[in-house]
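Shown next, in structure tokens, is the structure this report addresses.
The values are calculated or read from the model by the stated rules, or taken from the named source; none is laboratory data. The structure presented is a predicted model; accordingly, all values stated were derived computationally and were not measured. When we count neighbours, we look across all protein chains shown, and the Cβ atoms used for this are built from the backbone with ideal geometry, even at glycine. To get the accessible areas, we keep the full protein, side chains included, count just its heavy atoms, and leave off ligands, DNA and RNA. Shrake-Rupley method; radii C 1.70, N 1.55, O 1.52, S 1.80 Å.
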Amino acid sequence: MGYRPNDAYYKEFTTANPTTQAAADADSLPVATGNHNGLDDIAFVLTVIKLDTGRYKITGTIPSGYVGGDTINVSVAATCGRGTG
């Protein structure tokens, strides 16, 4: 299923301890970036919320200027275990 303008967007993702691979919270709240047809798009506003240990949800709304067939990607930046050297 493709997204259309003004559709709600949501996805879940997990983070883990880099040493043990066990579920672990990111060192700070991860940041999600929307990408529209190959370019980062600040108009595609995304929010990340923590659901449980090492489990997060991304939510947002597909901007009204998008059209059917556009390519939409979301990347997440998260760091886990920075202090576990």
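Per-structure values
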{"read-out": "Point-to-point label distance, Thr61-Thr14, nm (Cα→Cβ direction, 7 Å offset)", "value": "3.2"}
{"read-out": "Trypsin sites (Lys or Arg not before Pro) within region 17-64, DSSP loop, no more than 11 other Cβ atoms inside 10 Å", "value": "none"}
{"read-out": "Options (1) -0.35, -1.20; (2) -0.25, -1.44; (3) -0.47, -1.19 - which one matches log10 I(q)/I(0) by the Debye sum over Cα atoms at q = 0.11, 0.26 Å⁻¹ as calculated here", "value": "(1)"}
{"read-out": "DSSP-loop chymotrypsin sites (Phe, Trp or Tyr not before Pro) across the chain, with at most 16 other Cβ within 10 angstrom", "value": "Tyr3"}
{"read-out": "In Å², nearest 10: area of Ile49 left accessible to a 1.4 Å probe", "value": "80"}
{"read-out": "Net lengthening on full extension, Thr79/Asp52 (0.36 nm per residue, minus Cα-Cα)", "value": "8.1 nm"}
